[in-house]
Amino acid sequence: MSEQTSTSNAEAVGKLYDRFAAESRDLWPDEAEVPNFGFGEHLHFGYWEDEDDDAPLGVAALRLTDMVIDRLRVDDTHHVLDVGCGIGGPALRTARRTGARVTGITVSEAQIEQAKAAALSEDLRLDFQLADALRLPFLDASFDAAFALESMMHMPDRRQVLGEIARVLRPGGRLVLTDFFERAPIPEVHRPFVDLLRETSLLTTVPVEDYPQMLRDAGMLFEEIRDISDHTTRNTFIEMSKPWTDWAAGNPDATLELALAAGIPAPGLIDVEELGYLLLAAQRR
Ligand SMILES: C[S@@+](CC[C@H](N)C(=O)[O-])C[C@H]1O[C@@H](n2cnc3c(N)ncnc32)[C@H](O)[C@@H]1O
């Protein structure tokens, strides 16, 4: 991939998240009421144990963060890289739970500000930097572990990102990530939703079967890959679309495009079960 293409992608994703922060504020002036559709500090899908599990999105999202942290196997002697750190929730949680030093990167300036503000009040070893995962500004073998919690789907070249992560990990260092994938061909009836998601959320997917080889090529030992779609996607879309009805009722100009651009998935997404979600762990050779 050319440097220009990757730079323009990083800029577009950065603007998406900057805009998400701003437009959420415009659409929901009362931030206390619906600050970000219930995600809290953890801007990723939730994990629900079973059909009887009625945890709210924020609780379920925190659960998924903890599943990632558990797989990192780090303690207070380690330095962890958070690739695509959002507003800092998972990095803070990692530092609080393990005592590890954590460096988070994102391409959104607004997120850096929020993450730094959240970290200020804590006596933790946390650092947040504006950086592109396709060109990590770190020395070789400078981290003990890394995670990419729902950020790979924005990356135009996963191979390059995995290569960069492997480069900055020390031998034996672990990588844990979550990602979307198409677990079945998207039928015609769901295509408009997925296409719109791809355009507005800059979603990309690769076949799940590609991951083991991509990791091997990057110099990593592939350890675990789990399809956790049934625990994540449907419930997250249900939770995220709850505000849609109220919002659409109060906005005569409401369109699907506007909703998705503002991070509100229309209820139609709930049935897009072909969009899968995976959890993966690997180790640097
Ligand atoms: C869905 S959010 C997840 C945020 C965070 N991991 C969490 O779970 O709360 C996706 C994140 O990936 C970041 N991201 C996307 N592309 C990136 C890139 N090329 N380099 C660094 N960060 C990137 C975005 O800026 C955003 O912070």
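The values are calculated or read from the model by the stated rules, or taken from the named source; none is laboratory data. Because the structure is predicted, anything quoted here is derived from the model rather than measured. No Cβ is skipped: glycine too gets one built from the backbone with ideal geometry, and neighbour counts run over all protein chains shown. Calculation scope for accessible area: heavy atoms of the full protein, side chains included, ligands and nucleic acids excluded. Shrake-Rupley method; radii C 1.70, N 1.55, O 1.52, S 1.80 Å.
Return the ratio Rg/(2.2 N^0.38 Å) for region 51-137, where Rg is computed over Cα atoms only.
Numbers: Rg = 13.4 Å, N = 87, 2.2 N^0.38 = 12.0 Å.
So region 51-137 has a normalised radius of gyration of 1.12.
Tell me, what is the 1.4 Å probe accessible area of E49, in Å² to the nearest 10?
Only protein atoms counted, so the area is about 100 Å².
Let me know the whole percent of all Cα-Cα pairs from region 68-111 that are separated by more than 12 Å. Please report the intermediate quantities before stating the final value.
Values: 522 of 946 pairs.
Distances greater than 12 Å cover 55 percent of the Cα pairs.
Tally Lys and Arg at +1 and Asp and Glu at -1 over the other residues with C-beta under 14 Å from the C-beta of D210: what net charge comes out? Please list the in-between numbers first.
Details: positive: R158, R159, R183, R216; negative: D157, D179, E182, E209, D217.
Every neighbour counted, the sum reads -1.
What is the sum of charges, Lys and Arg at +1 and Asp and Glu at -1, for the other residues whose Cβ falls under 12 Å from the Cβ of Q111? Write out the running numbers ahead of the final one.
Values: positive: K15, R19, K116; negative: D18, E41, D82, E109, E113.
Value of the local net charge: -2.
So between A184 and R97, what do we pick up on full extension, going 0.36 nm a residue minus the alpha carbon distance? Intermediate values should be presented prior to the final figure.
Details: separation 87, 0.36 × 87 = 31.32 nm, distance 3.65 nm.
Contour length minus Cα-Cα distance gives 27.7 nm.
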